[in-house]
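Taken together, the values in this text are just the output of simple stated rules run on the coordinates, not laboratory data. Not measured: the values here are computed from a predicted model. For neighbour counting, all protein chains shown are included, and Cβ atoms are generated from backbone atoms with ideal geometry for every residue, glycine included.
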Amino acid sequence: MTSYLVILRLIKKGAEADIYLTTWNGRKSILKIRKRKKYRNEILDNRIRTLRTIREAKMISEVKSFGVNTPLVYFVDQNKFEIYLQFVPGDLVRDLSNKMIIKICEKIGKILGTLHKNGIMHGDVTTSNFILTSNQLTILDFGLAQRTEKIEDHAIDLRLFKEVLNSAHVSIVNQAWSSFLSGYGKIVGASRKEKVISQVSDIEKRGRYANVV
Ligand SMILES: Nc1ncnc2c1ncn2[C@@H]1O[C@H](COP(=O)(O)OP(=O)(O)O)[C@@H](O)[C@H]1O
Ligand SMILES: [Mg+2]
């Protein structure tokens, strides 16, 4: 008799998904399971979880074809809302030294520029969604990614990243932001970059007015 022992180690309980460290065919793997939201109607909830599971797997593979580093997708079980991904060793950008974060922000800008240039918005650009492995930067977490060419949507990605720098990395926000913009501009070009930045300012203005009211 053959018996299989599958070891799962919970490494993160997220709002949307739980993340486990496990193996897939002998390879170190990350298992992402989208959880049931009790407040949502069950049929609707199943549909949302199926959609996001499939979308994440598709987007990860598509983005890879642009030459951006993402984990390999080992296996998708849409009925169980599960994705097995290649385990990417290294450090989250969030946990790097300030000096390193400033430097890596240019690479983040290039990666986001490449996504946008190919009509993909990431939807959750944070320093916890990038892993640095020696010299290589990998982008994770495509559950909220969308296909869109719109400047307004691309600006939302930039705006979110700026907010993350402002809250999680406040002492280096200016240097990190200009490093990011420099990388972004190298990929999308100066004119597109200015248009997106101007849209980011618009969003910020609207935010301020909304706070006043
Ligand atoms: N392929 C991977 N390799 C290594 N660590 C990963 C991988 N995928 C996710 N993680 C770890 O799990 C965390 C959460 O995963 P993520 O896909 O971003 O889900 P969430 O939607 O909860 O943010 C990441 O910040 C990272 O620490
Ligand atoms: Mg994440």
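Key figures
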quantity: Segment 91-212, Rg to Rh (Cα coordinates; Rh as Kirkwood inverse mean 1/r); calculated: 0.95
quantity: Mean-position separation - Cα centroids, segment 45-101 and segment 102-153, in angstrom; calculated: 12 Å
quantity: Distance (nanometres) between label positions extended 7 Å along Cα→Cβ at residue 149 and residue 134; calculated: 4.0 nm
quantity: Inter-probe distance in nm under a simple model that places probes 7 Å from Cα toward Cβ, at residue 203 and residue 50; calculated: 3.1 nm
quantity: Equivalent ellipsoid, the chain (semi-axes from 5 times Cα gyration tensor eigenvalues, Å); calculated: 31, 21, 16
quantity: Per-residue ³J(HN,Hα) for segment 36-41, Karplus 6.51 cos²θ - 1.76 cosθ + 1.60, θ = phi - 60°, Hz, x for Gly and Pro; calculated: 5, 9, 4, 6, 9, 3
quantity: Pairs from 103/205; 99/205; 12/35; 150/205 whose Cα-Cα separation, in the structure shown, is over 21 Å; calculated: 103/205; 99/205
quantity: Estimated 222 nm signal from helices in the chain, with DSSP H stretches of n ≥ 4 weighted -39500 (n - 2.57), rounded to 500; calculated: -16000 deg cm²/dmol
quantity: Inverse mean reciprocal Cα-Cα distance (Kirkwood Rh) of segment 9-86, Å; calculated: 13.1 Å
quantity: Interchain or long-range residues, amide H under 5 Å from residue 82's placed H; calculated: 77
quantity: Extension reserve of the residue 79-residue 167 stretch, reckoned as 0.36 nm per residue once the Cα distance is removed; calculated: 28.0 nm
quantity: Rounded tilt (10° steps) of 173-188 against the dominant C-alpha axis of the chain; calculated: 80 degrees
quantity: Share of pairwise Cα separations in segment 91-131, more than 14 Å, in percent; calculated: 47 percent
